[in-house]
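The values are calculated or read from the model by the stated rules, or taken from the named source; none is laboratory data. None of these values were measured; they are calculated from a predicted model. Quick reminder, even Gly has a Cβ in these numbers, built from the backbone with ideal geometry, and neighbours come from all protein chains shown.
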Amino acid sequence: MRYLGKKLITLIMTLFLVSAAVFLAFQIIPGDVVTSILGTEATPEMEAKLREELGLTEPPVKQYFHWIGGILRGDLGVSYRYSRNMNEMMPVAELIGDKLPVTLWLAAFSFVLILLISLPLGVIWAKSANPALDAVLGVLTQASMAIPSFFLGILVTYLFGIVLHFFVPGGYVSYEKDFPAFLGYLFFPALSVAIPKIAMTARFLRNSMLTQMGADYVRTAYGKGCTRRRVMYGHVLRNALMPVVTFLGMIVAEIVAGSIVIEQVFGLPGIGRLLVSSVNNRDFPVVEILILYITFVVILVYFLVDILYRVIDPRISEK
């Protein structure tokens with residue numbers, strides 16, 4: 001419990017510091033939000049009214065605590081650029097709520113592909129004594145890790161969309177309208193996200209298993225008459241997975257936080273695409289919340305990885 005409490009305090013303090021840094025950064029960025037919204041032809045009366053509505057007349061410290069208090073109550077503020085109609089700005093919570101499921105489904109799909117392909121591939125690669133297979137897998141994984149995400153997305157679009165006609169590039173279907181079609185379209189962005197991560201995870205697992213296979217306990221297990229299968233899966237693989245769990249946690253944090261480039265390439269209306277458009281439009285309330293969301297996801301994933309690490313190996317000290 002003490003270990004869990006320390007991690008929770010660290011999580012809360014990190015979020016607090018990041019929120020303060022984000023708020024301060026947007027306070028000192030040049031430019032006037034009111035002028036950006038109303039334009040240069042707005043009257044002083046219009047600017048004063050909007051500034052009052054947005055709470056920009058208050059001191060920065062008061063604005064910060066008002067903002068944090070609103071977040072704790074579930075009020076994330078309103079967008080400066082998106083609106084329901086001419087007279088009503090769209091709440092940030094509603095705006096993100098429309099985009100978040102797309103990013104989460106993309107992340108889940110990508111992670112499933114990573115697990116289903118990389119773990120068996122890493123085990124097969126570690127067990128293989130075939131130099132040709134080792135060379136081929138080495139080249140493929142190295143190339144997969146070296147290709148930039150945007151170029152990989154373009155290659156997948158060209159091969160599976162334009163050449164093979166497995167999907168229509170840009171033909172995104174909302175999960176609310178047709179969920180099976182949504183998943184069908186999402187497979188190819190998920191594949192683009194997963195390919196480099198599959199290569200990294202398979203290589204990492206293979207190297208970890210090779211290290212474990214040379215350990216003393218493996219020779220001892222063989223000396224006691226254990227079969228190769230039992231040694232490989234009952235001892236080597238379990239110990240080799242320890243560092244891989246941390247690596248998979250890093251991957252989860254990255255893909256759940258938002259695969260910005262892939263969402264842009266495939267035209268997915270997710271968190272990553274919303275972040276890019278909000279930065280371009282200087283929609284600061286949306287950008288601030290998205291940065292906090294990404295921070296929270298990364299910290300939460302590492303928190304869960306720490307807990308899982310202790311479950312796998314209780315010998316880990318609480319210190």
Q) Quick one: what pairs do we get from segment 133-159, first residue within 15 Å of Phe188 (Cβ to Cβ), second not in a helix (DSSP H, G or I), C-beta under 6 Å, 6+ apart or different chains? A) Thr157/Pro169
Q: Identify the residue in segment 88-110 that is assigned to a strand (DSSP E or B) and surrounded by 15 or more Cβ atoms within 10 Å (Cβ to Cβ) and, among all such residues, is farthest from the chain's Cα centre (by Cα).
A: Met89
**Q.** Residues of segment 13-45 satisfying the condition of being of a type in the set (A, V, I, L, M), modelled with pLDDT under 85, in a helix (DSSP H, G or I) and surrounded by 14 or more Cβ atoms within 10 Å (Cβ to Cβ)
**A.** Val33, Val34, Ile37, Leu38
Q | Per-region count, segment 22-56, residues of a type in the set (S, T, N, Q) and farther than 30 Å from Ile294 by Cβ | A | 2
Q: State whether the residues of segment 148-167 include one that is polar (S, T, N, Q), at pLDDT below 90 and assigned by TED's automatic domain parsing to the domain that holds Val265.
A: yes
Q: Answer yes or no as to whether Val276 is within 25 Å of Leu292 (Cα to Cα) and not assigned by TED's automatic domain parsing to the domain that holds Leu308.
A: yes
**Q.** Listing of helices (runs of 4 or more DSSP H) fully contained in segment 185-278 that carry 2 or more residues being surrounded by 21 or more Cβ atoms within 10 Å (Cβ to Cβ)
**A.** 237-257, 260-266
Q) Restricting attention to segment 116-132, which residues are surrounded by 15 or more Cβ atoms within 10 Å (Cβ to Cβ) and among the aliphatic types (A, V, I, L, M)? A) Ile117, Leu119, Leu121, Val123, Ala126
Q. Only one residue in Val102, Val92, Val123 is touching a residue at least 60 places away in the same chain (Cβ under 8 Å) and either in contact with a strand residue (DSSP E or B) (Cβ under 8 Å, 6 or more places away or on another chain) or of a type in the set (Lys, Arg) (or both), so which one is that?
A. Val92
Q) For the subset of segment 279-309 comprising residues that are among the charged types (D, E, K, R) and in a helix (DSSP H, G or I), which member is surrounded by the most Cβ atoms within 10 Å (Cβ to Cβ)? A) Glu288
**Q.** Sole residue being under 16 Å from Val193 (Cβ atoms) and either assigned by TED's automatic domain parsing to the domain that holds Leu152 or touching a Ser or Thr at 6+ places or on another chain (Cβ under 6 Å) (or both), chosen from Ala240, Ala215, Ala257
**A.** Ala257
